[in-house]
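Asks: Okay, here's the structure, questions in a sec.
The values are calculated or read from the model by the stated rules, or taken from the named source; none is laboratory data. Everything quoted here is computed from the prediction, not taken from an experiment. Cβ: placed from backbone, ideal geometry, glycine included. Neighbour counts: every protein chain shown. What goes into the accessible areas is simple: the full protein's heavy atoms, side chains included, and nothing from ligands, DNA or RNA. Shrake-Rupley method; radii C 1.70, N 1.55, O 1.52, S 1.80 Å.
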Amino acid sequence: MFKTVRGMRDLLPKSAQKMRHIERVARDVSKLYGYEEIITPVLESYELLAAKTSEEIRDRMYKFEDLGGRKVAMRPEFTASVARLVVNKLKNEPKPMRLFSTGSLYRYDEPQYGRFREFWQANYELFGSTRPEADAEILMLTNNVLKNLGLKNYRFKVGHSGILLGILTQEGLDDQQQNSVRQLLDKKEWNEALTVAKKVGVSKNGLEVLTSILEMMGEDPWEDLVQIKKRVQDYSTAVEAVNNLQKIVKLVQDSGEQLELQVEAGFARGLEYYTGMIFETYVPGLDIAIGGGGRYDKLIELFGGEPIPAVGVAQGIDRIVLALTKQKAAPKTPKQKTAAVIAIKPICMGKALEISAMLRKKGVFVELAVMGRSIRSALSDANRREVDYAVILGPKELKENMVVLKNMKKEEQRTVSIDSLVQEILAASS
Ligand code: HAM
(Lines give C-alpha, C1' and ligand atoms only; values in the text may rest on other atoms or scores of the structure.)
Protein backbone atom coordinates (compact mmCIF):
# COMPACT_ATOMS: atom_id res chain seq x y z
CA MET A 1 0.00 0.00 0.00
CA PHE A 2 1.33 3.44 -0.87
CA LYS A 3 1.69 6.02 1.88
CA THR A 4 2.25 9.76 1.73
CA VAL A 5 5.90 10.77 1.62
CA ARG A 6 7.25 11.59 5.11
CA GLY A 7 6.28 15.15 6.04
CA MET A 8 3.49 15.35 3.43
CA ARG A 9 -0.13 15.37 4.53
CA ASP A 10 -3.50 14.50 3.04
CA LEU A 11 -6.08 17.04 4.14
CA LEU A 12 -9.44 15.38 4.70
CA PRO A 13 -12.66 17.34 4.04
CA LYS A 14 -12.91 19.04 7.47
CA SER A 15 -9.26 20.16 7.40
CA ALA A 16 -9.44 21.20 3.76
CA GLN A 17 -12.55 23.24 4.55
CA LYS A 18 -10.75 25.08 7.37
CA MET A 19 -7.73 25.82 5.18
CA ARG A 20 -9.89 27.11 2.34
CA HIS A 21 -11.93 29.23 4.73
CA ILE A 22 -8.77 30.99 5.93
CA GLU A 23 -7.61 31.40 2.35
CA ARG A 24 -11.00 32.94 1.47
CA VAL A 25 -10.87 35.42 4.36
CA ALA A 26 -7.27 36.30 3.47
CA ARG A 27 -8.27 36.89 -0.16
CA ASP A 28 -11.26 39.03 0.87
CA VAL A 29 -8.93 41.18 2.98
CA SER A 30 -6.49 41.46 0.05
CA LYS A 31 -9.32 42.94 -2.02
CA LEU A 32 -10.32 45.32 0.76
CA TYR A 33 -6.78 46.73 0.68
CA GLY A 34 -6.36 46.78 -3.11
CA TYR A 35 -4.00 43.79 -3.48
CA GLU A 36 -4.28 42.02 -6.83
CA GLU A 37 -3.81 38.27 -6.96
CA ILE A 38 -1.01 36.73 -8.97
CA ILE A 39 -0.08 33.08 -9.45
CA THR A 40 3.58 32.13 -9.70
CA PRO A 41 5.04 28.63 -10.28
CA VAL A 42 5.86 26.20 -7.47
CA LEU A 43 9.13 25.38 -9.23
CA GLU A 44 11.73 28.14 -9.60
CA SER A 45 15.43 28.29 -10.33
CA TYR A 46 17.44 27.30 -7.26
CA GLU A 47 19.69 30.36 -7.64
CA LEU A 48 16.71 32.72 -7.36
CA LEU A 49 15.29 31.06 -4.24
CA ALA A 50 18.68 30.72 -2.58
CA ALA A 51 19.89 34.25 -3.29
CA LYS A 52 18.79 36.11 -0.16
CA THR A 53 16.93 33.64 1.97
CA SER A 54 18.38 32.16 5.18
CA GLU A 55 21.06 29.55 5.74
CA GLU A 56 18.39 27.29 7.23
CA ILE A 57 15.99 27.57 4.31
CA ARG A 58 18.84 27.21 1.80
CA ASP A 59 19.78 23.90 3.42
CA ARG A 60 16.20 22.69 3.52
CA MET A 61 15.00 23.39 0.04
CA TYR A 62 13.66 20.57 -2.11
CA LYS A 63 16.16 21.01 -4.92
CA PHE A 64 16.97 18.85 -7.90
CA GLU A 65 18.04 18.89 -11.49
CA ASP A 66 15.20 18.75 -14.02
CA LEU A 67 15.46 16.63 -17.17
CA GLY A 68 16.94 19.58 -19.02
CA GLY A 69 19.76 19.78 -16.49
CA ARG A 70 18.45 22.94 -14.79
CA LYS A 71 19.03 23.32 -11.08
CA VAL A 72 15.54 23.94 -9.72
CA ALA A 73 13.82 24.01 -6.34
CA MET A 74 10.29 24.02 -4.95
CA ARG A 75 9.52 27.43 -3.53
CA PRO A 76 10.05 27.72 0.25
CA GLU A 77 8.32 31.14 0.27
CA PHE A 78 6.64 33.60 -2.11
CA THR A 79 8.73 36.73 -1.73
CA ALA A 80 11.58 35.74 -4.08
CA SER A 81 9.12 34.68 -6.81
CA VAL A 82 7.07 37.86 -6.52
CA ALA A 83 10.24 39.98 -6.61
CA ARG A 84 11.40 38.09 -9.73
CA LEU A 85 8.05 38.76 -11.40
CA VAL A 86 8.23 42.45 -10.53
CA VAL A 87 11.72 42.75 -12.02
CA ASN A 88 10.80 40.79 -15.18
CA LYS A 89 7.34 42.04 -16.00
CA LEU A 90 5.98 44.70 -13.69
CA LYS A 91 8.78 47.14 -13.03
CA ASN A 92 7.20 49.93 -15.06
CA GLU A 93 3.75 49.59 -13.51
CA PRO A 94 2.59 52.63 -11.55
CA LYS A 95 3.45 52.51 -7.86
CA PRO A 96 2.37 51.56 -5.33
CA MET A 97 1.86 48.02 -6.53
CA ARG A 98 0.07 45.61 -4.24
CA LEU A 99 0.25 41.86 -4.96
CA PHE A 100 -1.42 38.93 -3.23
CA SER A 101 -0.54 35.22 -3.55
CA THR A 102 -1.65 32.07 -1.88
CA GLY A 103 -0.60 28.46 -2.28
CA SER A 104 1.68 25.72 -1.04
CA LEU A 105 5.34 26.00 -0.08
CA TYR A 106 8.03 23.44 0.66
CA ARG A 107 10.72 23.27 3.34
CA TYR A 108 12.48 20.11 4.44
CA ASP A 109 11.87 20.93 8.13
CA GLU A 110 11.76 18.20 10.76
CA PRO A 111 8.03 17.35 10.89
CA GLN A 112 6.49 18.35 14.23
CA TYR A 113 3.50 20.22 15.62
CA GLY A 114 2.97 23.28 13.39
CA ARG A 115 6.00 22.58 11.24
CA PHE A 116 5.27 20.83 7.97
CA ARG A 117 7.24 20.09 4.85
CA GLU A 118 4.34 21.26 2.72
CA PHE A 119 2.44 24.21 4.11
CA TRP A 120 0.31 27.10 2.91
CA GLN A 121 0.64 30.86 3.15
CA ALA A 122 -1.43 33.92 2.24
CA ASN A 123 1.18 36.44 1.13
CA TYR A 124 0.93 40.19 0.59
CA GLU A 125 3.64 42.39 -0.94
CA LEU A 126 3.50 46.18 -1.28
CA PHE A 127 6.02 47.71 -3.71
CA GLY A 128 7.08 51.28 -4.28
CA SER A 129 6.89 53.07 -0.93
CA THR A 130 9.55 53.67 1.71
CA ARG A 131 7.09 55.48 3.92
CA PRO A 132 6.02 54.28 7.36
CA GLU A 133 2.36 54.18 6.30
CA ALA A 134 3.24 51.28 3.98
CA ASP A 135 4.70 49.31 6.92
CA ALA A 136 1.69 50.28 9.03
CA GLU A 137 -0.65 49.00 6.29
CA ILE A 138 1.00 45.57 6.38
CA LEU A 139 0.54 45.39 10.16
CA MET A 140 -3.06 46.59 9.92
CA LEU A 141 -4.06 44.16 7.20
CA THR A 142 -2.54 41.30 9.18
CA ASN A 143 -4.66 42.42 12.11
CA ASN A 144 -7.66 42.53 9.78
CA VAL A 145 -7.13 38.93 8.61
CA LEU A 146 -6.71 37.56 12.14
CA LYS A 147 -9.65 39.57 13.49
CA ASN A 148 -11.98 38.55 10.66
CA LEU A 149 -11.10 34.92 11.33
CA GLY A 150 -12.27 35.34 14.93
CA LEU A 151 -8.83 34.92 16.54
CA LYS A 152 -8.35 36.56 19.93
CA ASN A 153 -5.42 37.77 22.05
CA TYR A 154 -2.90 37.61 19.26
CA ARG A 155 0.12 39.86 19.54
CA PHE A 156 2.65 41.38 17.18
CA LYS A 157 6.33 41.01 18.01
CA VAL A 158 7.91 43.97 16.26
CA GLY A 159 11.51 44.98 15.64
CA HIS A 160 13.69 46.65 13.05
CA SER A 161 16.55 44.98 11.25
CA GLY A 162 18.32 48.35 11.09
CA ILE A 163 18.96 48.22 14.84
CA LEU A 164 21.26 45.18 14.73
CA LEU A 165 22.56 46.16 11.30
CA GLY A 166 23.47 49.62 12.59
CA ILE A 167 25.33 48.25 15.60
CA LEU A 168 27.08 45.38 13.83
CA THR A 169 28.09 47.42 10.75
CA GLN A 170 29.55 50.20 12.89
CA GLU A 171 31.39 47.45 14.79
CA GLY A 172 32.95 46.43 11.48
CA LEU A 173 31.24 43.07 10.86
CA ASP A 174 30.79 41.97 7.25
CA ASP A 175 27.52 40.52 5.86
CA GLN A 176 28.46 36.94 6.61
CA GLN A 177 29.48 37.67 10.19
CA GLN A 178 26.28 39.64 10.71
CA ASN A 179 24.20 36.77 9.31
CA SER A 180 25.77 34.28 11.70
CA VAL A 181 24.87 36.53 14.67
CA ARG A 182 21.39 37.15 13.28
CA GLN A 183 20.66 33.44 12.74
CA LEU A 184 21.50 32.72 16.39
CA LEU A 185 19.36 35.61 17.61
CA ASP A 186 16.51 34.34 15.41
CA LYS A 187 16.73 31.02 17.28
CA LYS A 188 16.84 32.94 20.58
CA GLU A 189 20.30 31.57 21.30
CA TRP A 190 21.36 34.88 22.81
CA ASN A 191 24.47 33.78 24.71
CA GLU A 192 25.79 32.00 21.64
CA ALA A 193 25.06 35.10 19.53
CA LEU A 194 27.02 37.30 21.97
CA THR A 195 29.90 34.82 22.01
CA VAL A 196 30.08 34.86 18.21
CA ALA A 197 29.82 38.67 18.22
CA LYS A 198 32.74 38.87 20.63
CA LYS A 199 34.76 36.40 18.57
CA VAL A 200 34.36 38.38 15.35
CA GLY A 201 35.50 41.56 17.05
CA VAL A 202 32.53 43.45 18.52
CA SER A 203 33.85 45.96 21.10
CA LYS A 204 33.11 45.88 24.84
CA ASN A 205 30.71 48.79 24.43
CA GLY A 206 29.04 47.01 21.49
CA LEU A 207 28.56 43.84 23.55
CA GLU A 208 27.12 45.86 26.44
CA VAL A 209 24.65 47.62 24.16
CA LEU A 210 23.63 44.31 22.58
CA THR A 211 23.16 42.68 25.99
CA SER A 212 21.13 45.60 27.31
CA ILE A 213 18.72 45.64 24.36
CA LEU A 214 18.36 41.85 24.31
CA GLU A 215 17.25 41.90 27.93
CA MET A 216 14.51 44.48 27.34
CA MET A 217 11.00 43.09 27.43
CA GLY A 218 8.64 45.94 28.25
CA GLU A 219 4.89 46.29 28.16
CA ASP A 220 4.52 49.66 26.53
CA PRO A 221 5.90 49.80 22.95
CA TRP A 222 6.31 53.55 23.04
CA GLU A 223 8.26 53.58 26.31
CA ASP A 224 10.39 50.65 25.07
CA LEU A 225 11.34 52.51 21.92
CA VAL A 226 12.41 55.54 23.95
CA GLN A 227 14.57 53.26 26.11
CA ILE A 228 16.07 51.43 23.14
CA LYS A 229 16.97 54.73 21.48
CA LYS A 230 18.89 55.78 24.60
CA ARG A 231 20.80 52.51 24.71
CA VAL A 232 21.85 52.54 21.03
CA GLN A 233 22.67 56.27 20.94
CA ASP A 234 26.30 55.67 19.91
CA TYR A 235 25.18 53.93 16.71
CA SER A 236 23.62 56.46 14.35
CA THR A 237 22.04 53.97 11.89
CA ALA A 238 20.47 52.11 14.80
CA VAL A 239 19.02 55.39 16.08
CA GLU A 240 17.53 56.06 12.63
CA ALA A 241 16.00 52.58 12.68
CA VAL A 242 14.35 53.28 16.04
CA ASN A 243 13.04 56.61 14.71
CA ASN A 244 11.51 54.79 11.77
CA LEU A 245 9.90 52.18 14.02
CA GLN A 246 8.52 54.96 16.21
CA LYS A 247 6.77 56.49 13.20
CA ILE A 248 5.25 53.13 12.25
CA VAL A 249 4.08 52.37 15.81
CA LYS A 250 2.61 55.87 16.14
CA LEU A 251 0.61 55.45 12.91
CA VAL A 252 -0.77 52.11 14.07
CA GLN A 253 -1.71 53.58 17.45
CA ASP A 254 -3.30 56.64 15.81
CA SER A 255 -5.47 54.38 13.63
CA GLY A 256 -7.60 53.56 16.64
CA GLU A 257 -7.27 49.81 16.02
CA GLN A 258 -6.11 48.04 19.15
CA LEU A 259 -3.08 46.07 18.00
CA GLU A 260 -1.09 44.43 20.75
CA LEU A 261 2.44 45.43 19.81
CA GLN A 262 5.53 44.22 21.64
CA VAL A 263 8.79 45.80 20.64
CA GLU A 264 11.91 43.62 20.77
CA ALA A 265 15.12 45.36 19.78
CA GLY A 266 17.11 42.12 19.55
CA PHE A 267 14.49 40.51 17.36
CA ALA A 268 15.99 39.05 14.18
CA ARG A 269 14.12 37.21 11.47
CA GLY A 270 16.13 34.53 9.76
CA LEU A 271 15.54 35.80 6.23
CA GLU A 272 18.46 37.84 4.92
CA TYR A 273 16.57 40.29 2.71
CA TYR A 274 15.01 42.40 5.45
CA THR A 275 16.22 45.99 5.70
CA GLY A 276 13.62 47.66 7.91
CA MET A 277 10.66 46.91 10.20
CA ILE A 278 10.22 43.19 10.91
CA PHE A 279 7.44 41.42 12.77
CA GLU A 280 5.82 38.12 13.67
CA THR A 281 2.38 37.30 15.05
CA TYR A 282 1.68 34.92 17.93
CA VAL A 283 -1.27 33.57 19.91
CA PRO A 284 -1.08 32.41 23.54
CA GLY A 285 -0.28 28.73 23.96
CA LEU A 286 1.40 28.40 20.56
CA ASP A 287 5.05 29.37 20.67
CA ILE A 288 5.50 29.31 16.90
CA ALA A 289 4.68 32.33 14.74
CA ILE A 290 1.40 32.26 12.83
CA GLY A 291 2.73 34.87 10.42
CA GLY A 292 5.66 37.10 9.73
CA GLY A 293 6.99 39.77 7.46
CA GLY A 294 8.87 42.99 7.09
CA ARG A 295 10.51 45.54 4.83
CA TYR A 296 13.02 44.56 2.15
CA ASP A 297 14.18 47.55 0.14
CA LYS A 298 17.16 45.96 -1.63
CA LEU A 299 15.85 42.70 -3.08
CA ILE A 300 14.55 44.05 -6.39
CA GLU A 301 17.88 45.74 -7.03
CA LEU A 302 19.68 42.52 -6.20
CA PHE A 303 17.56 40.69 -8.80
CA GLY A 304 18.69 43.19 -11.41
CA GLY A 305 15.97 45.80 -11.37
CA GLU A 306 15.88 49.50 -10.62
CA PRO A 307 15.65 49.89 -6.85
CA ILE A 308 12.05 49.47 -5.66
CA PRO A 309 11.35 49.51 -1.92
CA ALA A 310 9.01 46.81 -0.62
CA VAL A 311 7.28 45.55 2.49
CA GLY A 312 5.20 42.41 2.95
CA VAL A 313 3.84 39.64 5.11
CA ALA A 314 2.97 35.96 4.89
CA GLN A 315 0.20 34.53 7.06
CA GLY A 316 0.84 30.84 7.85
CA ILE A 317 -2.48 29.20 7.00
CA ASP A 318 -1.71 25.82 8.63
CA ARG A 319 -0.67 27.44 11.89
CA ILE A 320 -3.72 29.73 11.88
CA VAL A 321 -5.83 26.53 11.71
CA LEU A 322 -4.02 25.31 14.84
CA ALA A 323 -4.56 28.67 16.56
CA LEU A 324 -8.27 28.70 15.71
CA THR A 325 -8.64 25.12 16.95
CA LYS A 326 -6.86 26.03 20.19
CA GLN A 327 -9.22 28.94 20.72
CA LYS A 328 -12.23 26.88 19.62
CA ALA A 329 -13.11 29.69 17.21
CA ALA A 330 -15.74 28.46 14.76
CA PRO A 331 -15.54 29.92 11.25
CA LYS A 332 -18.08 32.68 10.74
CA THR A 333 -19.44 31.40 7.44
CA PRO A 334 -23.05 32.07 6.44
CA LYS A 335 -25.00 28.81 6.75
CA GLN A 336 -26.08 27.49 3.36
CA LYS A 337 -29.25 25.46 3.03
CA THR A 338 -28.52 21.86 2.15
CA ALA A 339 -30.77 19.20 0.66
CA ALA A 340 -30.72 15.56 -0.39
CA VAL A 341 -32.80 14.84 -3.51
CA ILE A 342 -34.13 11.29 -3.53
CA ALA A 343 -36.02 9.60 -6.39
CA ILE A 344 -38.16 6.73 -5.11
CA LYS A 345 -38.35 5.01 -8.52
CA PRO A 346 -35.90 5.09 -11.48
CA ILE A 347 -38.64 6.69 -13.53
CA CYS A 348 -38.44 9.79 -11.29
CA MET A 349 -34.67 10.21 -11.77
CA GLY A 350 -34.84 12.63 -14.73
CA LYS A 351 -37.04 14.93 -12.71
CA ALA A 352 -34.68 14.52 -9.70
CA LEU A 353 -31.78 15.80 -11.83
CA GLU A 354 -33.92 18.69 -13.05
CA ILE A 355 -35.01 19.67 -9.52
CA SER A 356 -31.43 19.37 -8.22
CA ALA A 357 -30.24 21.77 -10.92
CA MET A 358 -33.08 24.17 -10.12
CA LEU A 359 -32.22 24.20 -6.40
CA ARG A 360 -28.49 24.63 -7.04
CA LYS A 361 -29.23 27.59 -9.30
CA LYS A 362 -30.80 29.25 -6.28
CA GLY A 363 -27.81 28.49 -4.08
CA VAL A 364 -29.04 25.38 -2.27
CA PHE A 365 -26.29 22.75 -1.79
CA VAL A 366 -27.72 19.55 -3.21
CA GLU A 367 -26.57 15.96 -2.83
CA LEU A 368 -28.35 13.65 -5.26
CA ALA A 369 -29.07 10.10 -4.07
CA VAL A 370 -27.02 8.02 -6.53
CA MET A 371 -26.81 4.64 -4.77
CA GLY A 372 -30.25 3.28 -5.76
CA ARG A 373 -31.09 2.71 -2.08
CA SER A 374 -34.54 2.18 -0.60
CA ILE A 375 -36.20 5.37 0.59
CA ARG A 376 -35.60 4.37 4.20
CA SER A 377 -31.90 3.89 3.87
CA ALA A 378 -31.57 6.93 1.58
CA LEU A 379 -33.19 9.01 4.33
CA SER A 380 -30.95 7.57 7.01
CA ASP A 381 -27.96 8.39 4.81
CA ALA A 382 -29.25 11.97 4.40
CA ASN A 383 -29.57 12.14 8.18
CA ARG A 384 -25.99 10.99 8.63
CA ARG A 385 -24.84 13.70 6.22
CA GLU A 386 -26.69 16.29 8.32
CA VAL A 387 -28.52 17.91 5.41
CA ASP A 388 -31.36 20.32 6.28
CA TYR A 389 -33.95 18.85 3.90
CA ALA A 390 -34.79 15.75 1.95
CA VAL A 391 -36.73 16.27 -1.27
CA ILE A 392 -38.48 12.99 -2.08
CA LEU A 393 -39.83 12.34 -5.57
CA GLY A 394 -42.47 9.66 -6.02
CA PRO A 395 -44.45 8.93 -9.22
CA LYS A 396 -47.76 9.70 -7.56
CA GLU A 397 -46.74 13.18 -6.33
CA LEU A 398 -44.90 14.01 -9.55
CA LYS A 399 -48.09 13.43 -11.54
CA GLU A 400 -49.53 16.39 -9.64
CA ASN A 401 -46.31 18.39 -9.94
CA MET A 402 -45.66 17.85 -6.24
CA VAL A 403 -42.80 16.47 -4.10
CA VAL A 404 -42.44 15.52 -0.46
CA LEU A 405 -40.29 17.99 1.51
CA LYS A 406 -38.90 16.65 4.75
CA ASN A 407 -37.29 18.90 7.35
CA MET A 408 -34.65 16.53 8.69
CA LYS A 409 -34.02 18.26 12.01
CA LYS A 410 -37.67 18.75 12.92
CA GLU A 411 -38.58 15.40 11.40
CA GLU A 412 -41.63 16.94 9.76
CA GLN A 413 -42.71 16.32 6.22
CA ARG A 414 -45.36 17.62 3.89
CA THR A 415 -46.22 17.65 0.23
CA VAL A 416 -45.38 20.87 -1.61
CA SER A 417 -45.64 21.97 -5.22
CA ILE A 418 -42.44 21.94 -7.28
CA ASP A 419 -43.09 25.60 -8.15
CA SER A 420 -42.90 26.61 -4.49
CA LEU A 421 -40.06 24.24 -3.48
CA VAL A 422 -37.22 26.78 -3.69
CA GLN A 423 -39.27 29.32 -1.78
CA GLU A 424 -40.16 26.74 0.91
CA ILE A 425 -36.52 25.74 1.44
CA LEU A 426 -35.02 29.23 1.38
CA ALA A 427 -37.69 30.87 3.54
CA ALA A 428 -37.84 28.27 6.28
CA SER A 429 -35.52 28.40 9.27
CA SER A 430 -34.08 24.90 9.20
P1 HAM B 1 8.46 33.11 7.21
O2 HAM B 1 8.55 33.68 8.59
O3 HAM B 1 9.52 32.18 6.79
O4 HAM B 1 8.37 34.37 6.25
O5 HAM B 1 7.07 32.39 7.07
C6 HAM B 1 5.85 33.06 7.34
C7 HAM B 1 4.91 32.13 8.06
O8 HAM B 1 4.74 30.91 7.33
C9 HAM B 1 5.42 31.67 9.42
O10 HAM B 1 5.16 32.64 10.41
C11 HAM B 1 4.60 30.41 9.64
O12 HAM B 1 3.31 30.74 10.12
C13 HAM B 1 4.47 29.85 8.23
N14 HAM B 1 5.46 28.76 8.07
C15 HAM B 1 6.78 28.87 7.77
N16 HAM B 1 7.35 27.65 7.73
C17 HAM B 1 6.41 26.74 8.02
C18 HAM B 1 6.36 25.31 8.15
N19 HAM B 1 7.43 24.55 7.91
N20 HAM B 1 5.18 24.72 8.48
C21 HAM B 1 4.07 25.47 8.68
N22 HAM B 1 4.05 26.82 8.57
C23 HAM B 1 5.18 27.46 8.25
C24 HAM B 1 8.29 34.27 4.89
O25 HAM B 1 8.02 33.25 4.29
C26 HAM B 1 8.42 35.61 4.20
N27 HAM B 1 8.40 35.35 2.76
C28 HAM B 1 7.30 36.55 4.62
C29 HAM B 1 7.36 37.87 3.91
C30 HAM B 1 6.58 38.27 2.89
N31 HAM B 1 8.21 38.85 4.18
C32 HAM B 1 7.98 39.86 3.33
N33 HAM B 1 7.00 39.50 2.54
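Asks: Aspartates and glutamates near Lys71 by alpha-carbon distance under 14 Å, same-chain residues fewer than 8 away left out - which ones?
Replies: Here the aspartates and glutamates satisfying the reach criterion relative to Lys71 are Glu44, Glu47.
Asks: Same structure again: Student exercise: in the stretch 190-336, how many lysine pairs 8 or more apart or on different chains have Cα atoms under 22 Å apart?
Replies: Here the count comes out as 7.
Asks: Also: Which far-off residues, 5 or more places away or on another chain, put their amide H under 5 Å from the one on Gly291, with H placed in the peptide plane?
Replies: Amide H neighbours of Gly291: Thr281, Gly316.
Asks: Same structure again: Grab the Cα-Cα distance for Asn205 and Glu411, subtract it from 0.36 nm times how many residues apart they are, and report the gain in nm with one decimal.
Replies: 66.4 nm
Asks: Let me ask something else. Could you report the stretch 183-336's accessible area per residue, 1.4 Å probe, as an integer in Å²?
Replies: Computed with neighbouring chains in place, this is 47 Å² per residue.
Asks: Helix-only mean residue ellipticity at 222 nm, the chain, DSSP H runs n ≥ 4 weighted -39,500 (n - 2.57), per residue, nearest 500. What is it?
Replies: That comes out to -12500 deg cm²/dmol.
Asks: Let me ask something additional. Give me the distance between the Cα centres of the stretch 385-430 and the stretch 39-62, rounded to whole Å.
Replies: For the stretch 385-430 versus the stretch 39-62, the Cα centre distance is 55 Å.
Asks: Got a number for carbon plus sulfur as a percent of the chain's accessible area, 1.4 Å probe?
Replies: Taking all protein chains in place, the chain shows 52 percent carbon and sulfur surface.
Asks: To test your reading of the geometry: what angle, between 0 and 90 degrees and rounded to tens, separates the Cα axis of helix 317-326 from the longest principal axis of the chain?
Replies: Orientation of helix 317-326: about 70 degrees from the principal axis.
Asks: Need one number for the stretch 207-350: average projected area of the convex hull over its C-alpha atoms, nm².
Replies: 16.4
Asks: If you don't mind, another one. Check cross-link reach from Lys406 to the lysines: straight Cα distance under 16 Å, and skip same-chain residues fewer than eight apart.
Replies: Correct list for Lys406: Lys337.
Asks: From the phi of every residue in the stretch 111-124, what ³J(HN,Hα) in whole Hz does the Karplus formula 6.51 cos²θ - 1.76 cosθ + 1.60 yield, where θ is phi - 60° and glycine or proline is x?
Replies: Running phi through 6.51 cos²θ - 1.76 cosθ + 1.60 with θ = phi - 60° gives x, 7, 3, x, 10, 10, 7, 10, 9, 10, 10, 10, 10, 10 Hz.
Asks: Excluding residues fewer than 8 places away in the same chain, name every one of the lysines whose C-alpha is closer than 16 Å to that of Lys187.
Replies: Partners found: Lys157.
Asks: Just need the relative contact order of the chain here, percent rounded to a whole number, with Cα pairs under 8 Å and 6+ apart.
Replies: Averaging sequence separation for qualifying contacts and normalising by length gives 16 percent for the chain.
Asks: On to the next question. Under a point-charge model restricted to the Cβ atoms of Lys and Arg (+1) and Asp and Glu (-1), what is the dipole moment magnitude of the stretch 13-326 relative to its Cα centre, in debye to the nearest 20?
Replies: I would put it at about 700 debye.
Asks: Now, a different point. Pull out the extension gain between Asp419 and Glu47, defined as 0.36 nm times the separation in residues minus the alpha carbon to alpha carbon distance; nm, one decimal.
Replies: 127.6 nm
Asks: Using all Cα-Cα distances in the stretch 326-426, what percent lands in each 5 angstrom bin from 0 up to the longest?
Replies: 3, 13, 25, 25, 18, 7, 4, 3, 2, 1, 0
Asks: Using the reciprocal of the averaged 1/r over all distinct C-alpha pairs, how large is the Kirkwood radius of the stretch 77-233 in Å?
Replies: 18.9
Asks: If the only charges are +1 at each Lys and Arg Cβ and -1 at each Asp and Glu Cβ, what is the size of the charge dipole of the stretch 58-211 around the Cα centre, to the nearest 20 debye?
Replies: Using Cβ point charges on Lys, Arg, Asp and Glu, the stretch 58-211 gives about 280 debye.
Asks: Let me ask you something else. Using amide H atoms built in the peptide plane, which far-off residues or other-chain residues are under 5 Å from Glu260 H to H?
Replies: Under 5 Å from the amide H of Glu260 lie the amide H atoms of Phe156, each far enough along the sequence or on another chain.
Asks: Among rounded, prolate and oblate, which fits the chain when a ≥ b ≥ c are the square roots of the eigenvalues of its C-alpha gyration tensor, a/c under 1.5 means rounded, and a/b larger than b/c means prolate?
Replies: The shape class here is prolate.
Asks: So if each residue of separation counts as 0.36 nm, and I subtract the Cα-Cα distance between Phe2 and Val226, what length gain in nm does that give?
Replies: 74.8 nm
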